[in-house]
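Visitor: Have a look at this one before I ask anything.
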Amino acid sequence: MNLLSPVTGVAGRLARPVGDLMTAARIVTDWRMPLLLAVSKGFITPVYRAAWLASATGTGVLAALAVRPCDLESLAERLGVPPESREDLQRLRAWLDMGVRLGEIDRREGAYRLRSIAARTFAHAGNDALAAALEEVLRFHVPVLLGAPRMAATGERFALADQDGLVIARSTRVVEPLVRAAIDRVLERDKPQRLLEIGCGSGSHVKYAAELNPRLSALAVDLQADVAETATKNMAEWGLADRVETRQGDLRTLDLEPQFDLVTLHNNIYYFPEHERTAALERARALLAPGGRLLLTTSCQGGSIGLDVLSLWFTYAEFGGPLPHEDELRAQLESAGFTGIEVHRPVPREQFRAFTAVNETA
Ligand SMILES: C[S@@+](CC[C@H](N)C(=O)[O-])C[C@H]1O[C@@H](n2cnc3c(N)ncnc32)[C@H](O)[C@@H]1O
């Protein structure tokens, strides 16, 4: 037995708190601590907030909370979480409580409710395009920023399936006022018009044109089957099913008579590689009746940082290419046989352009 052990034990117990204090002091005065806090506040927490908000919007949780406060069980039912699985319910609660921790929602008397301005904004149905744009940034822009060097080294490319066509169809509506301004300038209102829309997304631009001209009829196609299907549902909901036919289709293989007064391509010329754009435009021209017009809207190079990242994504896509330069696209329209090419900017200094061109030949 060690006779000194009671003494060394007391000394050890006294030394430990002093040692702990010194360790704590060393940690908090370490120059990396404020840096870590700054990174957490400036970069990490905003990413967590954005991701939580995008998920809560995309799953309809915020929209449900905008109607009334909801308890865990009713949110679980909405999200299809099996009510009999206590473990899944607890996992859902952990995610909801993270929303509380981030300050986006509150939990009082067993019910979750909206709290932050951001959550209230994204919950509003009129801001759906904004919410989808946030989801697009997190799900598609972040991966290209993270993965580009690896992809450049390995030759890996994004496929169309790496996008979510339904999210993109919603997020692209952020530029709807610009597209509408272009349609306003071009659409004939006082005679019947036959419109072909290529890459119709949600179908909202066709709806706008059909409302401007009650004698307009349209065929709206989209390459992605689920997008075309949603556009079909939207047309039925908007009461336009008798005037607008929607279907899955690819501009490059559409087999139709040259019967259209107007062919539109909104926000999708970058879904074609640069070297294929002239051929795609030739296809569009071949579907126009003599004297028919093309309206092509697109953001061009040199816009916001978000557009630059979009352009980067398409630079890494196996099927597309970067946003166009105005001069390049004008030259491609000329090579495709169009005449009377005009370029309009709905908002001066914005990089969004509306190109109009005529198919003179039969
Ligand atoms: C960014 S979204 C724009 C949707 C809609 N035009 C808008 O402005 O809201 C581009 C759409 O074009 C479609 N698209 C791309 N290439 C196409 C092609 N070759 N033929 C038909 N649609 C195409 C895509 O499937 C996608 O839904």
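Throughout, read-outs are computed from the coordinates displayed, never taken from laboratory work. Treat the numbers as computed from the prediction; the structure is a model and nothing was measured. FYI the Cβ positions are ideal-geometry reconstructions off the backbone, even for glycines, and counts take in every protein chain you see.
Visitor: Can you name every residue in the stretch 245-286 that is part of a loop (DSSP other than H, G, I, E, B) and within 12 Å of the ligand (Cβ to nearest atom)?
Guide: At the first step, the residues of the stretch 245-286 found to be part of a loop (DSSP other than H, G, I, E, B) are 249-250, 254-259, 267-268, 272-273.
Within the stretch 245-286, Gly249, Asp250, Leu254, Asn267, Asn268, Phe272, Pro273 qualify.
Visitor: Could I ask something else about it? Could you check how many residues of the stretch 207-231 are of a type outside the set (Asp, Glu), within 16 Å of the ligand (Cβ to nearest atom) and either touching a Cys at 6+ places or on another chain (Cβ under 6 Å) or free of Cβ contacts under 8 Å to residues at least 24 places away in the same chain (or both)? Steps first, answer last, please.
Guide: Residues of the stretch 207-231 that are of a type outside the set (Asp, Glu), as a first pass: 207-210, 212-221, 223-225, 227-228, 230-231.
With the extra rule that they be within 16 Å of the ligand (Cβ to nearest atom), the set shrinks to 207-210, 218-221, 223-225, 227-228, 230-231.
If we keep only those that are either touching a Cys at 6+ places or on another chain (Cβ under 6 Å) or free of Cβ contacts under 8 Å to residues at least 24 places away in the same chain (or both) too, we end up with 220, 225, 231.
Total meeting the criteria: 3.
Visitor: I need the full set of residues from the stretch 167-182 which are buried (at least 22 other Cβ atoms within 10 Å of the Cβ) and more than 9 Å from the ligand (Cβ to nearest atom), in order please.
Guide: The one that is buried (at least 22 other Cβ atoms within 10 Å of the Cβ) and more than 9 Å from the ligand (Cβ to nearest atom): Ala182.
Visitor: If you check every pair at least six apart or on different chains, which have Cβ atoms under 8 Å apart with a residue in the stretch 28-57 that is within 18 Å of Thr121 (Cβ to Cβ) first and a residue that is of a type in the set (Asp, Glu) and not in a helix (DSSP H, G or I) second?
Guide: Short answer, once both residue conditions are applied: Arg49/Glu104; Trp52/Glu104; Leu53/Glu104; Ala56/Glu104.
Visitor: Ok, one more. Would you mention how many residues in the stretch 272-312 are without any contact (Cβ under 8 Å) to a residue 60 or more places away in the chain and of a type outside the set (A, V, I, L, M)?
Guide: 17
Visitor: Considering only the stretch 191-238, state which residues are surrounded by fewer than 20 Cβ atoms within 10 Å (Cβ to Cβ) and among the small types (Gly, Ala, Ser).
Guide: Ser217, Ala225, Ala236
Visitor: When residues of the stretch 110-138 are filtered for being without any contact (Cβ under 8 Å) to a residue 40 or more places away in the chain and surrounded by 12 or more Cβ atoms within 10 Å (Cβ to Cβ), how many remain?
Guide: Here is the first cut: in the stretch 110-138, the ones without any contact (Cβ under 8 Å) to a residue 40 or more places away in the chain are 110, 115-117, 121, 126-127, 136.
Narrowing the set further to residues that are surrounded by 12 or more Cβ atoms within 10 Å (Cβ to Cβ) leaves 115-116, 121, 127, 136.
The total comes to 5.
Visitor: Within the stretch 210-234, how many residues are farther than 18 Å from Val167 by Cα, touching a Lys or Arg at 6+ places or on another chain (Cβ under 9 Å) and part of a helix (DSSP H, G or I)? Let's see the steps before the verdict.
Guide: As a first pass, look at the stretch 210-234 and keep what is farther than 18 Å from Val167 by Cα: 210-220.
Imposing the further condition that a residue be touching a Lys or Arg at 6+ places or on another chain (Cβ under 9 Å) reduces the set to 210, 212-220.
From what's left, part of a helix (DSSP H, G or I): 210, 212.
So the count comes out to 2.
Visitor: Next question, about the same structure. All but one of (1) surrounded by fewer than 20 Cβ atoms within 10 Å (Cβ to Cβ); (2) assigned to a loop (DSSP other than H, G, I, E, B) hold for Leu307, so report the exception by its number.
Guide: Every listed condition holds for Leu307 apart from (2).
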